[in-house]
Amino acid sequence: MEIIKKNPSDELTSLQQQTDRPFDSFLEQEPLAISTTQQNPAFDLIATEEEILVTTELPGIDREDISMTFSGDKLIIKGELKSGLEDKDQNFLHTGENHSRFNRVIQLPVPVNTRKIKSDFNKGLLEINLIKCFNSEYFIG
C-alpha cells in the first residue's frame, strides 16, 4: 500500500479554480460589444391528409431576412435578426440590442410538391404550406 501525501492548499486552489471558471469567460467579453448568437427557433409540424404545415415564430425578423430552401427531404429555414443600431457615432455605454442568425433544418416526413409551396409571414409568425406529393415528377424526398 502506497501512502499519498496531500497538501490541503492544493484542494483549496482546485476549489478556487472551479469557482472562478464560470466568471473567466464573462470577464473576458467586451462590455460594449453587441452579441452575435445563433439560435434555432422552435417549430410546429402538422400533417393532414393532403399537406404539411410548418409554423415557427420569428419575432423581430424582417421578411427580407428569411430564406427557405430544400435539400433532399429537408426544409431549411434561415434568418437573421439585425441590430436596430444605425448610428455608429454614438458612444453607447450599454445596449440591449443584439444580432443573431439561425439555420433551422426540418426533416419532412413525406415527399412534398416543390412547385406548390405557399408561405405567409405576418407579425413574426411564419407559416409554410407544403402539399404532399403523390407524383414523382415534382417532389423532394
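The values are calculated or read from the model by the stated rules, or taken from the named source; none is laboratory data. What you see is a predicted model; the values in this text were computed from it and never measured. Neighbour counts run over all protein chains shown; Cβ positions are idealised from the backbone, glycine included.
Quick check, is Ile131 at pLDDT below 90, aliphatic (A, V, I, L, M), surrounded by 14 or more Cβ atoms within 10 Å (Cβ to Cβ) and under 18 Å from Ala47 (Cβ atoms)? For Ile131, the condition - at pLDDT below 90, aliphatic (A, V, I, L, M), surrounded by 14 or more Cβ atoms within 10 Å (Cβ to Cβ) and under 18 Å from Ala47 (Cβ atoms) - is not met.
Selection of first residues in the stretch 52-66 that are aromatic (Phe, Trp, Tyr) and of second residues that are at pLDDT 90 or above, restricted to Cβ pairs under 6 Å at least 6 apart or on distinct chains, gives an empty result.
Table: residues versus (1) part of a strand (DSSP E or B); (2) of a type in the set (Val, Ile, Thr); (3) surrounded by 14 or more Cβ atoms within 10 Å (Cβ to Cβ); (4) modelled with pLDDT of 90 or more.
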site	(1), (2), (3), (4)
Val54	yes, yes, yes, yes
Gly79	yes, no, yes, yes
Leu85	no, no, no, no
Arg104	yes, no, yes, yes
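The residues of the stretch 106-126 that are outside any strand (DSSP E or B) and either of a type in the set (A, V, I, L, M) or touching a His at 6+ places or on another chain (Cβ under 9 Å) (or both), listed by number, are Leu108, Val110. If you go through the stretch 55-84 and keep only what is closer than 12 Å to Arg104 by Cα and among the hydrophobic types (A, V, I, L, M, F, W, C), you end up with Leu58, Ile66, Met68, Phe70, Leu75, Ile76, Ile77.
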